[in-house]
Amino acid sequence: MTLKRSGMAFFLLIVLSAYAAFGCGKDAEAESVPAPVIVSLVPDYLQPGGTLMVYGKNFGSDAGAIRVLFDGREYPAESLSGNRVGVTVPDGGQDGRPVSVCLSRGGNVSEAVSSVWRTDVPEITGIDGGRGVYGELVTVAGKRFGTAGESAVYFDETEAEITEESETALTVKVPRIYKEDVSVTVVRGGVRSNVVSFSYDLDRCDSLLIVTAGWKTEQLREGVVWKSAFLKAFDAPQSMNVVYVTPSQQNRLRVGCSVSGVRRTSSQCGDAGALLGVNGGYFDEKKKPFVKIGGTVVQSGYDRVSSTFGNAAIVIRNNRVEIRKVAGCNAEARTLEGDDILVCGPFLLKDGVVEQLSTSTTHNTAMHPRTAVGVTGDGDVIFLTVDGRFPGKAAGMTTPQLAKAMRALGADDAMNLDGGGSTTLWISGKGVVNYPCDNGAFDHGGERPVGSVVYVK
């Protein structure tokens, strides 16, 4: 009897020990998995069918082990990345109804975080082409935009003017932002939509800025129009002067050259009895560019295998102007037929297409004062001066920007002339009308002596 009782007691002891061991093992396992902690929800509302990102800690590395609870209803996590869990929001209840969100892992459940159901969250599905310029009308397509006046559209943080609106489409005027890419969102009732990218066509933007600038215009005589403006282009302040010339018996284009040295543009043009003129090509006492005047070579120029600066020539023949691309820095220019020829560069435009310009030199990539000459498809001539080196007033342009400016002004072919302190536009009876920078003052007195000029007689 004693033995039976002892055996039974021993058996019970073993069972209880096993149970205790099993229970302790389970508790240890649970304790080895720390409870997840929710720090934030993004977005801070629940849109049925939308994606909710749960940020926190103690999420582990296995998404399959995680469940997200909405008012106690469990849904499997769909993604896990470090401190972030993603889940599709289920259908909820009444709009605005509060709901508790928890997260479970390994039998442990986090503290609840409060949120609300939202069924009116705006959603963008697309934007016309995804690319444009300021002032254009584009349509933002989507869902849940509400009735008139309920939604606003933002390009980054700039609100766009809405011209037409409906539940599924908002037509807006693209705001003036000088930026390659922006984020577009719709806000309704204080709730922001998803983000869709929109790209600005900066070339077209700058062209519009130049074309629509408040140009001051004056006709100097029949077939000669002078325009000037202060504007913003290429994300910088610009001071620009442009002259349009229709060649005629009255308006004759010529090249001038100070063979014995350098003289100011105003002096060379004034002595020639010109109506107006700009500085010509680069000057160097030892390396003078090729110049032909009245059929006679007055400077034979120098030869180089290639040059990014001397690869263009203005050729005037029978008062018709051409902009030609040349090689060898003067060598090819000597073979050209023309009454007046001047070598400079770089070549900027051919048939309206911007040349591929070297980026290995700051001559092309930095903003400087610039002078350019171009020809339209109708044979009209365009002179352009761009002032620079005056912070806050006149920044200047890179050579690619200069090419785009000439195209915007109507040139098909164009070339760069000497720039920097040489940039000068002189008009008879008015003097120097741009702001040469050689004296460091934003006035008309900083004119530099130059080697050659291009003028209208």
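Checking F442 against (1) part of a loop (DSSP other than H, G, I, E, B); (2) surrounded by 24 or more Cβ atoms within 10 Å (Cβ to Cβ); (3) of a type outside the set (S, T, N, Q), which test does it fail?
(2)
Would you check which residues across segment 70-117 are crowded, with 17+ Cβ neighbours inside 10 Å, of a type outside the set (A, V, I, L, M, F, W, C) and closer than 17 Å to D44 by Cα and list them?
Scanning segment 70-117 gives G92, S115.
Keeping to segment 217-239, report how many residues are surrounded by fewer than 18 Cβ atoms within 10 Å (Cβ to Cβ) and part of a loop (DSSP other than H, G, I, E, B).
3
Find the residue count for segment 133-156, including only residues that are over 11 Å from V184 (Cβ atoms) and either assigned by TED's automatic domain parsing to the domain that holds G50 or not hydroxyl-bearing (S, T, Y) (or both).
Looking only at that region, the number is 13.
What's the number of the condition G379 fails, among (1) within 30 Å of the chain's Cα centre (by Cα); (2) in a loop (DSSP other than H, G, I, E, B)?
(1)
Filter segment 249-264 for residues that are closer than 21 Å to N434 by Cβ and among the charged types (D, E, K, R) and give the result.
Matches in segment 249-264: R254, R263, R264.
Which pairs turn up if I take residues in segment 45-60 that are under 21 Å from G190 (Cβ atoms) and look for partners that are outside any strand (DSSP E or B) and of a type in the set (D, E) with beta carbon separation below 9 Å, at least 6 apart in sequence or on another chain?
Listed by first residue and then by second, the contacts come to Q47/D120; P48/D91; G49/D91; T51/E78.
Using the structure shown, decide if V113 is within 36 Å of the chain's Cα centre (by Cα) and not basic (K, R). Show your work before the answer.
Numbers: within 36 Å of the chain's Cα centre (by Cα): no; not basic (K, R): yes.
No; evaluated as a whole, the condition is false for this residue.
This table checks each residue for (1) part of a strand (DSSP E or B); (2) without any contact (Cβ under 8 Å) to a residue 40 or more places away in the chain; (3) hydrophobic (A, V, I, L, M, F, W, C); (4) touching a Leu at 6+ places or on another chain (Cβ under 9 Å).
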| site | (1), (2), (3), (4) |
| --- | --- |
| E111 | no, no, no, no |
| Y134 | no, no, no, yes |
| G142 | yes, no, no, yes |
| A148 | no, yes, yes, no |
| Y178 | no, no, no, yes |
| V186 | yes, no, yes, yes |
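Listed here are the residues, each with its yes/no results for (1) at pLDDT 95 or above; (2) of a type in the set (A, V, I, L, M, F, W, C); (3) surrounded by 14 or more Cβ atoms within 10 Å (Cβ to Cβ).
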| residue | (1), (2), (3) |
| --- | --- |
| I127 | yes, yes, yes |
| G142 | yes, no, yes |
| T163 | yes, no, no |
| T171 | yes, no, yes |
| I177 | no, yes, yes |
| L202 | yes, yes, yes |
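Looking at (1) without any contact (Cβ under 8 Å) to a residue 60 or more places away in the chain; (2) closer than 18 Å to V432 by Cα; (3) buried (at least 24 other Cβ atoms within 10 Å of the Cβ), find the lone condition where L384 falls short.
Result: L384 fails condition (1) only.
I need every pair where a residue in segment 359-379 that is in contact (Cβ under 8 Å) with a residue 24 or more places away in the chain has its Cβ under 7 Å from the Cβ of a residue that is in a loop (DSSP other than H, G, I, E, B) and loosely packed, with under 15 Cβ neighbours inside 10 Å, sequence separation at least 6 or different chains.
N364/S358; T365/T359
Which of the numbered conditions does Q250 fail, given that it passes all the others? Conditions: (1) farther than 30 Å from Q299 by Cβ; (2) without any contact (Cβ under 8 Å) to a residue 40 or more places away in the chain.
(1)
The values are calculated or read from the model by the stated rules, or taken from the named source; none is laboratory data. Everything quoted here is computed from the prediction, not taken from an experiment. Quick reminder, even Gly has a Cβ in these numbers, built from the backbone with ideal geometry, and neighbours come from all protein chains shown.
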